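S.K.: Below is one structure. I have some questions about it.
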Amino acid sequence: MGMFSVAVLLLSSAQAQKPPTIDPTYGMKLPKLKAVTTKRAKDADWIWTATTSDEEVAYFRHALQVSKIPKAAKLSVTADNFFNAYVNGQEVSSSHYDANDNLVWAKVRTVDITSLLKPGENEITVKAINAGGSAGMILRLELDGKPVLLSDGTWKVTNNAPAEGWLGNAFDDSKWENATIEATAGEGVWGGQLSGWPVPLSSAAAYLAHLKLPPISVSDATLPRAWKPATEAITFQRPSGTVKPWTVVIDFGKELSGRVALLAAKPIPVKLGTGESDFEAIEKPWTSADLILDPKPKYSVYTALRYAALTFPADLAEASVKVSMDHLYYPVQYRGSFDCSDPLFTKVWYTGVYTSHLCMQEDIWDAPKRDRARWMGDLHVSGEVINNAFLDKFLMEQTMDRLRDEAQGHRPETELPAGHVNGIPGYSCAWIAGVADFYRHTGDTVWLKKQHQRLITMLEFLKTELNSDGAFANNHKQWPFVDWAPLFNEQTPQALAATHLFLVKATKEAVFLFKELGDSENTTKYQELADALTKTAQSQLVDGDGTFGGRRQENAMAIYSGVATPTQVKTIYEKVLDPKSPAWDYVVSPYYGNYVLDAITQSGHMLDAMKYVRTFWGGMLAEGATSWWEGYDLGWPKDNFHANLQADNGTGYFVSLCHGWSAGPTNWLTERVLGVKSTGGGFRTCTIQPNLGDLKWASGTIPTPHGPIKLRVEKVASEYSVKVTVPSGVEASVGSETLTAGSHVIKIPAQTDAQ
């Protein structure tokens with residue numbers, strides 16, 4: 001067993017706080033938000049075709065004029081996901097799929113091409129492959145240390161397989177399009193993750209802050225792991241009898257986002273691996289690097305992690321290393337809160353908030369480990385958490401704007417978008433619903449007006465997906481993703497039905513927004529569409545037993561969208577949503593659990609909803625979760641849980657242990673248990689309809705642009721005693737009363753479960 005000696009750590013006052021959250025930034029003074037347009041020296045851009053699709057191949061060309069052959073010509077290139085690079089028709093570098101490396105794209109290949117250059121015109125060409133998700137190619141060519149060619153919008157690109165000879169300078173590429181700039185080096189979804197880029201990158205967006213954190217414990221890699229307390233300075237000793245490289249594991253105590261920093265007084269070779277679980281860090285690190293430590297800090301790649309595995313050479317008997325975490329976070333103030341008589345629910349609320357906060361990076365990502373990308377379905381859940389906890393406008397607006405811009409595909413805003421948001425019809429619906437959620441919280445009319453035309457064209461594009469009977473048919477053959485569950489992530493009747501029902505919800509939300517915009521013509525037009533879609537759903541999607549199918553997903557959306565009638569809601573609960581139903585034998589991800597949880601509550605069965613949260617999300621906590629996981633099921637193996645998680649049509653360590661789409665219970669606790677929901681822009685009007693279920697009391701703070709709503713609800717016999725402070729500018733409906741500015745105490749009948 002290795003021996004560890006640790007230095008004494010003196011916590012700062014900010015770190016010494018014991019807030020009701022594990023967020024290390026809770027209660028810290030907010031740094032000033034830096035300008036988004038921070039000036040940097042010109043660098044290469046990530047470029048691609050005007051639209052992005054999975055399994056797409058892009059071909060890039062650019063001429064290079066050389067007056068004289070340089071002493072050194074260094075070409076640096078990579079692509080998300082893979083590439084082949086050529087100079088004057090000769091392949092000089094490439095990358096390929098590696099089952100043991102999830103970040104092939106992040107490793108820049110730099111080659112000397114001096115011998116291949118010739119005086120006059122040269123041709124630099126790249127073939128790049130996008131395996132899925134975000135796509136981009138980035139290239140930098142330096143002659144004698146000076147950049148002479150950077151990937152940018154002047155490059156020519158096509159996604160059609162070109163004719164023979166496309167690698168040479170005699171090829172005519174005049175009909176190819178100019179490349180589309182996705183982001184500048186060090187920015188966008190790729191951020192500062194590039195390893196080996198020839199010039200320093202910003203490690204993240206200028207508006208992110210840094211917090212240095214020490215490890216909390218350390219162990220060797222043998223089982224069972226004997227964890228010992230740790231601080232920043234650690235002396236590791238080789239386990240006795242070890243004749244091969246030896247590994248130690250560092251635990252930072254919680255899911256974090258950023259970089260591991262290592263330094264040593266004298267040179268020490270080490271292999272650094274990171275992971276969200278200790279098994280991942282040891283067995284299949286998400287990021288890895290071979291480093292020679294010295295007094296200058298060496299860093300891991302910017303990612304999400306909890307653990308770092310350090311592997312030392314067999315002939316090294318002892319290593320004294322300083323280890324810390326450079327935690328990158330988006331500065332926000334906790335403006336919302338929640339507490340109740342069940343500490344588990346309080347922990348669930350704050351875990352959802354912390355999960356969403358970790359996803360607030362350069363944009364609001366689905367996850368800080370994978371995919372580190374804007375996904376609107378994820379944002380529909382995590383965005384509402386952000387609304388309820390932080391009421392942040394900047395990152396929410398930026399992310400939703402960028403998602404909509406990508407769907408538009410550089411077409412004029414008066415034209416239909418080039419495709420769906422994220423290429424998923426249901427995510428176009430989520431974008432509309434997300435705009436409505438955000439506006440109800442913030443009342444940002446200026447921003448909403450900018451979405452006016454975008455709402456119209458997106459709705460019109462969604463209409464083109466309907467068949468002659470008025471049902472969603474996915475005519476554009478984009479990905480009809482609903483959930484990571486059998487039958488719901490491909491072209492199936494179940495996926496089409498769930499998407500149709502989400503379209504009803506989105507259309508209703510658009511009607512609300514058009515009313516707020518004073519657009520009576522489109523209010524009427526799209527109300528008629530919502531009514532027609534509802535009628536179609538009732539005539540074509542209802543089974544003979546009165547449900548909308550046999551699975552929880554489409555039935556939950558039938559209730560969430562308001563399509564299901566009261567009688568159908570009762571039937572859906574009895575046949576599908578009742579935990580005793582066979583439908584519970586099928587997987588529902590934590591993402592769609594958001595809608596299932598809401599539907600159970602709307603069906604009048606709050607006690608079942610509470611049991612669902614306690615067992616499902618509480619099950620993750622029982623397995624050690626510090627943020628919500630991308631995929632989870634109570635029946636999956638618990639031994640090395642991370643290796644057995646499922647998502648994205650696969651199983652294994654790649655599944656994220658911090659995914660914003662899993663944070664739905666936070667919104668449920670605020671909006672269904674406390675019962676506070678905005679009904680007008682910026683909480684101009686709201687309803688307060690608490691439902692404590694089996695709780696004795698619950699309290700919380702809900703941020704509004706006018707100040708916080710403060711609420712405490714106590715159950716006394718068959719009544720709720722509601723103590724509420726309403727800020728000026730907010731009108732709250734509680735029971736039969738309408739409350740305005742001031743503090744109020746009223747009694748209302750307690751909610752009871754349906755029989």
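The values are calculated or read from the model by the stated rules, or taken from the named source; none is laboratory data. In this text the structure is predicted, and so the values were computed from the model without any measurement. Here Cβ is always computed from backbone atoms with ideal geometry, including for glycine, and neighbour counts include all displayed protein chains. All accessible areas refer to the heavy atoms of the entire protein, side chains included, with ligands and DNA or RNA removed. Shrake-Rupley method; radii C 1.70, N 1.55, O 1.52, S 1.80 Å.
S.K.: Per residue, what volume in Å³ does the convex hull of the Cα atoms of the range 600-735 enclose?
M.R.: 139 Å³
S.K.: Can you check what the net charge comes to around Gly604, using other residues whose Cβ is under 14 Å from the Cβ of Gly604 (Lys, Arg +1; Asp, Glu -1)?
M.R.: Around Gly604, the surrounding residues sum to -3.
S.K.: Still on this structure, I have one more. For Thr287, which sequence-distant residues (separation of 5 or more, or a different chain) have an amide H within less than 5 Å of its own amide H, given hydrogens modelled in the peptide plane?
M.R.: Result for Thr287 returns Thr274.
S.K.: What angle do you read, to the nearest 10 degrees and between 0 and 90, between the alpha-carbon axis of helix 452-463 and the longest principal axis of the chain?
M.R.: Tilt relative to the chain: about 90 degrees.
S.K.: How much area per residue is accessible in the range 245-339 when the probe is 1.4 Å and only protein heavy atoms are counted (Å²)?
M.R.: Accessible area per residue: 33 Å².
S.K.: With a 1.4 Å probe and every protein chain left in place, work out the accessible area per residue of the range 444-497 in Å², rounded to a whole number.
M.R.: 42 Å²
S.K.: May I ask you to evaluate 6.51 cos²θ - 1.76 cosθ + 1.60, the Karplus curve with θ = phi - 60°, for each residue of the range 631-642 and list the ³J(HN,Hα) values in order in whole Hz, giving x for glycine and proline?
M.R.: Karplus values, whole Hz, x for Gly and Pro: x, 6, 8, 4, x, 6, x, 9, 6, 6, 3, 4.
S.K.: Here is a follow-up. For Lys575, which aspartates and glutamates qualify as cross-link partners when the Cα separation must be under 18 Å and same-chain residues fewer than eight apart are set aside?
M.R.: Asp543, Asp545, Glu554, Asp585, Asp598, Asp608, Asp753
S.K.: I've got another one for you. Could you order Arg374, Arg404 so the one with the most accessible surface comes first? Probe is 1.4 Å.
M.R.: Arg374, Arg404
S.K.: OK, next. Might you work out the accessible area of Leu223 for me, using a 1.4 Å probe with all protein chains in place, and round it to the nearest 10 Å²?
M.R.: So the heavy atoms of Leu223 present about 120 Å² to solvent.
S.K.: Helix 394-408 sits at what angle to the longest principal axis of the chain, using alpha carbons and giving 0 to 90 degrees rounded to 10?
M.R.: It works out to around 80 degrees.
S.K.: Net charge near Glu509, counting Lys/Arg +1 and Asp/Glu -1 over other residues with Cβ under 10 Å of its Cβ?
M.R.: So the surrounding residues net to +2.
S.K.: On to the next question. Please work out how much accessible surface Cys686 shows to a 1.4 Å probe, ignoring ligands, DNA and RNA, in Å² rounded to 10.
M.R.: Cys686 has an accessible surface of roughly 0 Å² with all protein chains in place.
S.K.: Related question: Can you send over the solvent-accessible area of His744, 1.4 Å probe, protein chains only, in Å² to the nearest 10?
M.R.: Surface accessible to solvent at His744 totals approximately 40 Å².
S.K.: Can I ask one more? Which peptide among 547-553, 47-53, 105-111 comes first, and what is the full order, when sorted by highest mean count of other Cβ atoms within 10 Å?
M.R.: 547-553, 47-53, 105-111
S.K.: A further question on this structure: So what does the Cα-only Debye profile of the range 545-669 read at q = 0.09, 0.10 Å⁻¹, as log10 I(q)/I(0), no solvent term?
M.R.: For the range 545-669 at q = 0.09, 0.10 Å⁻¹, log10 I(q)/I(0) is -0.25, -0.31.
S.K.: Further question: Taking the highest mean first, how do the peptides 724-734, 423-433 order by number of other beta carbon atoms within 10 angstrom per residue?
M.R.: The densest-packed peptide leads the list: 423-433, 724-734.
S.K.: Something else: How tilted is helix 590-602 with respect to the longest principal axis of the chain? Cα atoms for both, answer in degrees (0 to 90, nearest 10).
M.R.: It is inclined by approximately 10 degrees.
S.K.: Please list, or write none, the lysines whose alpha carbon is within less than 17 Å of the alpha carbon of Lys449, excluding same-chain residues fewer than 8 places away.
M.R.: List returned: Lys393, Lys515.
S.K.: When the Cα atoms of the range 258-362 are enclosed in a convex hull and the volume is divided per residue, what value in Å³ results?
M.R.: Taking the convex hull of the Cα positions in the range 258-362, it is 138 Å³ per residue.
S.K.: When the accessible area of the chain is split by element with a 1.4 Å probe, what percent falls to carbon and sulfur?
M.R.: 52 percent
S.K.: For every other residue with a beta carbon closer than 10 angstrom to the beta carbon of Val92, add +1 if it is Lys or Arg and -1 if Asp or Glu, then tell me the sum.
M.R.: -1
S.K.: Beta carbons within 10 angstrom, averaged per residue: use that to sort the peptides 153-164, 74-85, highest first.
M.R.: 74-85, 153-164
S.K.: Going through the cross-link list Lys570/Lys715; Lys29/Lys271; Lys580/Lys696; Lys118/Lys175; Lys580/Lys747; Lys271/Lys347, which pairs have a Cα-Cα distance over 31 Å in this structure?
M.R.: Violating the 31 Å limit, Cα to Cα: Lys29/Lys271; Lys580/Lys747; Lys271/Lys347.
S.K.: Could I ask something else about it? What is the distance, in nm, between label points placed 7 Å from the Cα along the Cα-to-Cβ direction at Val148 and at Glu56?
M.R.: 3.2 nm
S.K.: Oh, and also: Percent relative contact order of the range 691-755, based on C-alpha pairs within less than 8 angstrom and at least six residues apart?
M.R.: 28 percent
S.K.: Classify the range 660-718 from the C-alpha gyration tensor, please: rounded if a/c falls under 1.5, else prolate or oblate depending on whether a/b exceeds b/c.
M.R.: oblate
S.K.: Please tell me which of these pairs span more than 21 angstrom C-alpha to C-alpha: Lys68/Lys107; Lys611/Lys710; Lys228/Lys322; Lys505/Lys525; Lys508/Lys535?
M.R.: The answer is Lys68/Lys107; Lys611/Lys710.
S.K.: Might you tell me the accessible area per residue for the range 32-151, computed with a 1.4 Å probe and given in Å²?
M.R.: About 46 Å² of surface per residue is accessible.
S.K.: Follow-up question, since we're still on this one. Tell me what the chain gives for mean residue ellipticity at 222 nm when only DSSP H runs of n ≥ 4 count, each as -39,500 (n - 2.57), the sum divided by the residue total, rounded to 500 deg cm²/dmol.
M.R.: Dividing the helical sum by the residues of the chain leaves -7500 deg cm²/dmol.
S.K.: At 25 °C and a viscosity of 0.890 mPa s, what translational diffusion coefficient does Stokes-Einstein give for the range 145-276, taking Rh as the Kirkwood radius over Cα pairs? Give it in µm²/s as a whole number.
M.R.: This corresponds to a translational diffusion coefficient of 122 µm²/s.
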